[in-house]
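The values are calculated or read from the model by the stated rules, or taken from the named source; none is laboratory data. Note that the structure is a prediction, hence the values are computed from the model and not measured. Every residue, glycine as well, gets a Cβ built from its backbone with ideal geometry; the counts of neighbours run over all protein chains shown. Just so you know, the surface numbers come from the protein's heavy atoms only, side chains and all, with ligands and any DNA or RNA stripped out. Shrake-Rupley method; radii C 1.70, N 1.55, O 1.52, S 1.80 Å.
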Amino acid sequence: MVKLLGMKKSIITVLMLAVSVLFLLPFVWMLSTSFKIEADVFKFPIQWIPERWNGFNNYKEVWFGDYPFYVYYWNTIKVTVLTTLVSVVVSALAAYGFSKVKFPIGRFLFIIVLATYMVPPQAILVPQFILFRKIGLFDSHFGLILLGSFSVLGTFMLRQFFMSIHNDLIEAAKIDGAGHWKIFWSIALPIVKPAIATYGILRFIWTWNDYQNPLIFLRTDSLLTIQLAMQKFTTINGEFYSLIMAAAVSAILPLVIVFIIGQKQVIEGIALGGVKG
Amino acid sequence: MSANTELSKSTQVTERRTTQKINKEKTENVAGLLFVSPMLIGVSVLVLIPILATFLLSFAEWSFITPLSQLKWVGFDNFTRLFEDPIFLKSIMNNAIFILTVPICMIISLLLAITIDRNVYMKGFFKVAFFMPYISSVVAIAVVWQVLFHPSAGPINQVLMSLGIDNPPKWIADPNFALISIMLIQVWVSIGFNMIIFLAGLQNIPKDLYEAADIDGANAWVKFKHITVPMISPTSFFLFITGIISTFKVFDLVAVLTKGGPMHSTSMIVWNLYETAFVNLKIGPASAMAVVLFVIVFAITIIQWIGQKKWVNY
């Protein structure tokens, strides 16, 4: 009986493997095409392993050609890392304030902050655009970073974790003469470190993938982030699909690495809060 | 005399205690405000004021390039014109059709989640595999699918033709298939997210429920229908509502793949809004669309609120 169950499990595993391979075929096609010469891209039956390799030249063109990806990579890394850092700090501070400092208007303020989560980002693009042009933040990385730094979701998520810290711990620290800043920094923050890692990784992925804000708030070519560059590159190189696929692989790769390193945190974080970009 | 001093002393003590208490409350207030102020200022300047501005601008006629003094108030004109605009009505219709992706995606994800939860080895691998499209950049994914969907030379149509289908659809180039193509990609992207949430929901179902059913001789279908489905109904409800809300925010796929075309067959509210505001520079109508979008999302959120209270206790 047990042996039979094991066999059934093996068969289903094999079937599921087939399903997942089918599911991932677009990625396989992307990867294999990025190493092909242009003439072989649409050869049928599909060459999953390129017969004539041209990977080096394709990637060289993407990274150091007319639209050099190393520039956009640097822009994106800068914007993504800074947005993630600022967002984590702002959210952690607010989350602590809303959960562990007992001040009467705190509840009211929290409801206001939470209510803004209902606003679809696209519904406020026009006023944001006008505002940024007025105060000179339009077409700058600083403006882009600001746009991603105030996350209601992050605040809500971290607040849940701060709330699970026992109040006795806070009170004990207070009796010992510690102020809120000290309690936040040396007691609360270390306890919620895993939650901060989870939120940080998610924010990193979301910012890296953001297309809409750079599209609207950036103009200068040298400031573009990878998503916009990717689209520009596609428009310019229209029919050179091997190059476009090399660009797509380049745009996705950092995320795959971050995801594989932080896999546990990402999946747990998503499952826990049911959070979505 | 002595009694008097004693009395005043005790008053002094209580007074000191009250001032101490007031001081303590004051420091708590100051500390609280300091902690939350960066977030509060950010949200006020970047979300609260803009949404108020959106409502104001929806009653105005103006463009980015003209000075503010040219702004004209036009009352409800923007809204009445909006609901006579065939492209906007088409966009709303497309949004409505797009909602279909939510239940389809949920069914596939639930089946995958159940299989992965109980019946397979290498759970970790499957979780990562199905989650890949969700973490990948939408632009890169859109570009890959654009090539896969290529009408004549694309791998999908080549496979279809080799299977004997002579006139395969032109996918994103065909007004009748463009929206379906985008919906297909959307389902593919969202499966990972839905599956992870379902897996978390399934793991919370007490195992003894299934054991009890086994003893009663229930088969797999009965167990699915009478244990799994009701026990994950809160999860399903959550996914359904957040899924619908997120279909109203779909922008990247449309912007990269079709730009609303061909013949507005993939235009949706958000795309229509973007085009009106940032291509045609019509602030008033774009803001009116933003208000409509806001009202729809707001209404769905209220439904979620009410529904959650009813659904949480099965």
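So how exposed is A:Trp208, as accessible area in Å² (1.4 Å probe, rounded to 10)? Accessible area, nearest 10 Å²: 10 Å². Taking label positions 7 Å along the Cα-Cβ direction at both B:Leu111 and B:Thr301, the computed distance is 3.5 nm, reported to one decimal.
Kirkwood hydrodynamic radius, computed over distinct alpha-carbon pairs, for chain B: how many Å, to one decimal? Walk me through the intermediate numbers first.
Numbers: mean 1/r = 0.0409 Å⁻¹.
It works out to 24.5 Å.
Mind checking the full-extension length gain between A:Asp221 and A:Ile135? Use 0.36 nm per residue of separation minus the Cα-Cα distance, one decimal, nm. Before the final figure, lay out each step's value.
Values: separation 86, 0.36 × 86 = 30.96 nm, distance 2.12 nm.
Full-extension gain reported as 28.8 nm.
Candidates B:Ser152, A:Gly200, A:Ile226 compared by Cα position along the dipole of the protein assembly as shown: farthest toward the positive end lies A:Gly200, with charges placed on Cβ.
When the Kirkwood radius is taken over all Cα pairs of region A:202-269, what Stokes-Einstein diffusion coefficient follows at 10 °C and 1.306 mPa s, in µm²/s?
Working: Rh = 13.3 Å.
Answer, rounded: 119 µm²/s.
Which residue fluctuates most in the GNM of chain A (Cα springs below 10 Å): A:Phe162, A:Phe138, A:Phe129? Among A:Phe162, A:Phe138, A:Phe129, the largest GNM mean-square fluctuation belongs to A:Phe129.
Starting from the Kirkwood Rh over alpha-carbon pairs, what translational D in µm² s⁻¹ does region A:17-164 have by Stokes-Einstein at 37 °C and 0.692 mPa s? Each step should come with its number before you reach the end.
Values: Rh = 19.9 Å.
Approximately 165 µm²/s, per Stokes-Einstein.
Under 5 Å between amide hydrogens, built in the peptide plane, is the criterion, and for B:Ala60 it picks out B:Val74 among residues at least 5 positions away or on other chains. Considering only B:Ser109, B:Ser265, B:Ser69, the Gaussian network model of chain B with Cα springs below 10 Å gives its largest mean-square fluctuation to B:Ser69. Estimated at 0.36 nm per residue, the fully extended path between B:Gln308 and B:Gln203 surpasses their Cα-Cα distance by 35.8 nm. Can you work out the FRET efficiency for the pair A:Tyr117 and A:Ser186, with r the C-beta to C-beta distance and R0 = 35 Å, to the nearest 0.05? E(calc), rounded to 0.05, equals 0.70. The alpha carbons of region B:143-221 occupy a box of 57, 27, 20 Å along the principal axes, longest dimension given first.
Tell me, what is a quarter of the convex hull surface for the C-alpha atoms of the protein assembly as shown, in nm² with one decimal?
For the Cα atoms of the protein assembly as shown, the hull's average projected area reads 37.6 nm².
Over region A:56-273, Cα pairs under 8 Å with separation of 6+ residues give a relative contact order of 34 percent.
Largest first, the residues A:Met118, B:Met161, B:Met106 sort by 1.4 Å accessible area into B:Met161, A:Met118, B:Met106.
Only protein heavy atoms count here; under a 1.4 Å probe, B:Met263 has an accessible surface of about 150 Å². Stokes-Einstein diffusion of region A:1-40 at 37 °C, 0.692 mPa s viscosity, Kirkwood radius from Cα pairs, rounded to a whole number: 265 µm²/s. Which of B:Ile182, B:Ile300, B:Ile269 sits closest to the plus end of the dipole of chain B, meaning its Cα is farthest towards the positive end, when Lys and Arg get +1 and Asp and Glu get -1 on the C-beta? Projecting each Cα onto the dipole axis, the largest value belongs to B:Ile300. Restricting the GluC sites (Glu not before Pro) of region A:1-71 to loop positions (DSSP other than H, G, I, E, B) with no more than 14 neighbouring Cβ atoms within 10 Å leaves A:Glu51.
So if I take the centroid of the Cα atoms in region A:223-277 and the same for region A:152-180, what is the distance between those two points in Å? First find each Cα centre; the distance between them is then 36 Å.
Across A:Lys36, A:Lys174, A:Lys100, mean-square fluctuation computed from a Gaussian network of chain A (C-alpha pairs under 10 Å connected) peaks at A:Lys174.
A simple spin-label model places pseudo-atoms 7 Å from Cα toward Cβ; at A:Met163 and B:Val74 they are separated by 4.6 nm.
In degrees, nearest 10, range 0 to 90: what is the angle between the Cα axis of helix B:233-247 and the longest Cα principal axis of chain B? The angle comes out at about 70 degrees. Take every pair of alpha-carbon atoms less than 8 Å apart whose residues are at least six positions apart; their mean separation over the length of chain B yields a relative contact order of 27 percent.
Normalised by 2.2 N^0.38 Å, where N is the number of residues, the alpha-carbon radius of gyration of region B:99-267 equals 1.23.
What are the semi-axes of the equivalent ellipsoid for chain A, taken as the square roots of 5 times the Cα gyration tensor eigenvalues, largest first, in whole Å?
Its equivalent ellipsoid spans semi-axes of 42, 29, 15 Å.
May I ask you to derive the FRET efficiency for A:Ala172 and B:Thr19 from their Cβ-Cβ distance with R0 = 22 Å, giving the value to the nearest 0.05? Kindly include the intermediate steps, with their values, before the conclusion.
Working: r = 25 Å, r/R0 = 1.12.
It comes to 0.35.
Each Lys and Arg adds +1 at its Cβ and each Asp and Glu adds -1 at its Cβ; summed about the Cα centre, the protein assembly as shown shows a dipole of about 1240 debye. The listed peptides B:293-301, B:78-86, A:147-155, B:28-36, ordered by packing as a protection proxy, come out as A:147-155, B:28-36, B:293-301, B:78-86 (highest mean of other Cβ atoms within 10 Å first).
Label-to-label distance for B:Phe278 and B:Arg81 is 2.2 nm, based on points extended 7 Å past Cα in the beta-carbon direction.
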